[in-house]
Amino acid sequence: MHKARAIGDSSPVVAVVDDDMAVRGSLKFSLEIEGFSVRTYANGDDLLGEANLADFACFIIDQRLPGMSGFELVAAMRRQRIDGPVILITSQPTIILRERAARAGIPIVEKPLLGTTLLERVQAATAAPPAVC
C-alpha cells in the first residue's frame, strides 16, 4: 500500500479525527514535530469525504464523534476497503469497548493523551505492513 505523502514531502500522512479543535490542533502540532504530515477532520463524514483515504499511513480516531462513533467510522472505512491502521482514542473506555477493539485489532490510547504512548503507536503503525497496527 502506498503511504500518503505531503506535497513535496516524504513524511507519512496521518489522519486525526476528533471533534475537539484543541485536540486536533495539539495532535497535529506534536505529530508534525516528530516528522509526520497530519490532516485533521472534525467528524467521520469529513474524513469519508476525502478522496484518497487508501493513501493515509494511519488513522487516529476519537471514539466519541458527532454523527457516528469511532467504531462506526472504522466500519464505514472497511466497507470502502480502507484497511489502514487505526488507533482509537477515548477517555474512560468501557470493558465492552476494550473487548470490541481487541477483537478488531484496534489499539486504544486513553485520553488525556499523556506521555509517548500515542506517538509510539503511530510510529509502529507507519513502520509496519498496513494490516498491522
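The values are calculated or read from the model by the stated rules, or taken from the named source; none is laboratory data. All of these numbers come straight from a predicted model, not from anything done at the bench. Using ideal geometry, Cβ is built from the backbone for each residue, glycine included, and neighbour counts are taken over all protein chains shown.
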Please specify each residue of segment 75-84 satisfying the condition of being under 15 Å from ASP46 (Cβ atoms) and either surrounded by 13 or more Cβ atoms within 10 Å (Cβ to Cβ) or β-branched (Val, Ile, Thr) (or both). ALA76, MET77, ILE82
I need a count of the residues in segment 34-44 that are out of contact with any helix residue (DSSP H, G or I) (no Cβ under 9 Å at 6 or more places or on another chain) and more than 13 Å from GLN123 (Cα to Cα). 0
Considering segment 54-81 alone, what residues qualify as being of a type in the set (Val, Ile, Thr) and under 23 Å from SER11 (Cα atoms)? ILE60, ILE61
Say whether the condition of being buried (at least 18 other Cβ atoms within 10 Å of the Cβ) and basic (Lys, Arg) is met by at least one residue in segment 114-126. yes
Cβ pairs under 8 Å, 6+ apart or interchain, first in segment 64-76 and hydroxyl-bearing (Ser, Thr, Tyr), second modelled with pLDDT of 95 or more, ordered by first then second residue, are SER69/GLN63
What about ALA104, is it under 18 Å from LEU47 (Cβ atoms), of a type outside the set (Ser, Thr, Tyr) and touching a Cys at 6+ places or on another chain (Cβ under 7 Å)? no
Scan of segment 19-72 for residues that are of a type in the set (A, V, I, L, M, F, W, C) and in contact with a Gly (Cβ under 9 Å, 6 or more places away or on another chain), ordered by number: LEU53, ALA54, PHE56, ALA57, CYS58, PHE59, ILE61, LEU65, MET68
Residues that are in a loop (DSSP other than H, G, I, E, B) and modelled with pLDDT under 95, drawn from segment 1-22: MET1, HIS2, LYS3, ALA4, ALA6, ILE7, GLY8, ASP9, SER10, SER11
Residue under question is GLY84, and the condition is that it be in contact with a Phe, Trp or Tyr (Cβ under 7 Å, 6 or more places away or on another chain) and within 15 Å of PRO12 (Cα to Cα); does it hold? yes
Regarding LEU47, is this residue more than 16 Å from VAL109 (Cα to Cα) and crowded, with 22+ Cβ neighbours inside 10 Å? yes
Out of (1) aliphatic (A, V, I, L, M); (2) within 25 Å of GLY115 (Cβ to Cβ); (3) surrounded by fewer than 14 Cβ atoms within 10 Å (Cβ to Cβ), the one ILE60 does not meet is (3)
Quickly run through segment 8-43 and pick out the residues that are surrounded by fewer than 13 Cβ atoms within 10 Å (Cβ to Cβ), touching a residue at least 12 places away in the same chain (Cβ under 8 Å) and over 23 Å from VAL74 (Cβ atoms). ASP9, GLY35
Which numbered condition trips up PHE71, out of (1) under 15 Å from the mean Cα position of the chain (by Cα); (2) farther than 23 Å from GLN123 by Cα? (2)
